Amino acid sequence: MSWKAVIFILGGLLIGGLLGGMILLSGNQRVAANGEQQIPQKGQKFPDLVLESLDGDRIAFSSFAGKPIVINFWASWCEPCKEEMPLFEAVYRQQNADVMVLGVNYNEPANVIRRFIEERQITFPILLDMDGKVAERFQVFGFPTTYFVDGEGVLRAAHVGQLNEALLNSYLREIGAEIP
C-alpha cells in the first residue's frame, strides 16, 4: 500500500471520528419518549433517580429533598477521582454542613469498590451504576463528573474533571451549602 493511500485512509478516519463526535455532542439536548431530558440541564430539576447503595439499600435522590446534594460520578481506575475523594469526604464529615455527598461508581464490581473506599476511608454513601446506564443516560463521558444540586432539587452546576478545594467551595456556595 502506498503512503498516499495510508494518508487518505487515516484522513478519512479522522474526519469520520470528528463527524461522529459532533453528532454525539449535538444529541445532548434530546428528550426521552416520556418527556424527561436525557441529561440534567443547568437550571432545571435534577432527575429523581433510585440507585442501589454499596450496602444494598435503594436510595432515591428525592429522599434528600430540601438539602443541597453533590453527586460525583467516579471510578477506581480514574486518577483524578482518587485525588479529589478526600475533598468530598471532608465536606461529608463537616458537622455543620447541610449538604449531602453521594458517590456514583461507574460499572465496577462491589469488591473493587469496597477495597477502594476502605483504603481511602470514605464514609459518604456510594451508589452503584452497575451497568453504566445512568452515566450513559447523563452522557458522562469523562471521569470524574460532579453535579451540584440545590435544596430545591435544581441543578446549579456540573463539573467534568478533577476539583480542587477552591472550585469545590465555589460550587458549594452556588447550591447554598457553604462549609465553615
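Scanning segment 155-180 for residues that are part of a loop (DSSP other than H, G, I, E, B) and either out of contact with any helix residue (DSSP H, G or I) (no Cβ under 7 Å at 6 or more places or on another chain) or among the small types (G, A, S) (or both) turns up G161, N164, I175, G176, A177, P180.
Within the set E136, E119, E152, the sole residue that is over 16 Å from the mean Cα position of the chain (by Cα) and outside any loop (DSSP other than H, G, I, E, B) turns out to be E119. Screening C81 on (1) part of a strand (DSSP E or B); (2) out of contact with any Asp or Glu (no Cβ under 9 Å at 6 or more places or on another chain) shows it passes everything except condition (1).
Could you list, in sequence order, the residues of segment 53-78 that are of a type in the set (K, R) and either in a loop (DSSP other than H, G, I, E, B) or in contact with a Pro (Cβ under 8 Å, 6 or more places away or on another chain) (or both)? Working first, answer last.
To start, the set of residues in segment 53-78 that are of a type in the set (K, R) comprises 58, 67.
Matches in segment 53-78: K67 only.
For Y147, state whether it is buried (at least 19 other Cβ atoms within 10 Å of the Cβ) and farther than 25 Å from G176 by Cα. Before the answer, list the steps.
Working: buried (at least 19 other Cβ atoms within 10 Å of the Cβ): yes; farther than 25 Å from G176 by Cα: no.
For Y147, the condition - buried (at least 19 other Cβ atoms within 10 Å of the Cβ) and farther than 25 Å from G176 by Cα - is not met.
Of G66, G132, all but one fail to be farther than 24 Å from I175 by Cβ and modelled with pLDDT under 95; the exception is G132.
In the set (1) modelled with pLDDT under 95; (2) buried (at least 16 other Cβ atoms within 10 Å of the Cβ), the condition left unmet by Y106 is number (1). Which residues, taken from segment 150-180, are on the phi > 0 side of the Ramachandran plot and crowded, with 19+ Cβ neighbours inside 10 Å? Scanning segment 150-180 gives a single hit, G153.
The values are calculated or read from the model by the stated rules, or taken from the named source; none is laboratory data. As the structure is a prediction and not an experimental result, all values here were calculated from the model. Neighbour counts are summed over all protein chains in view; Cβ atoms, including those assigned to glycine, are modelled from backbone coordinates with ideal geometry.
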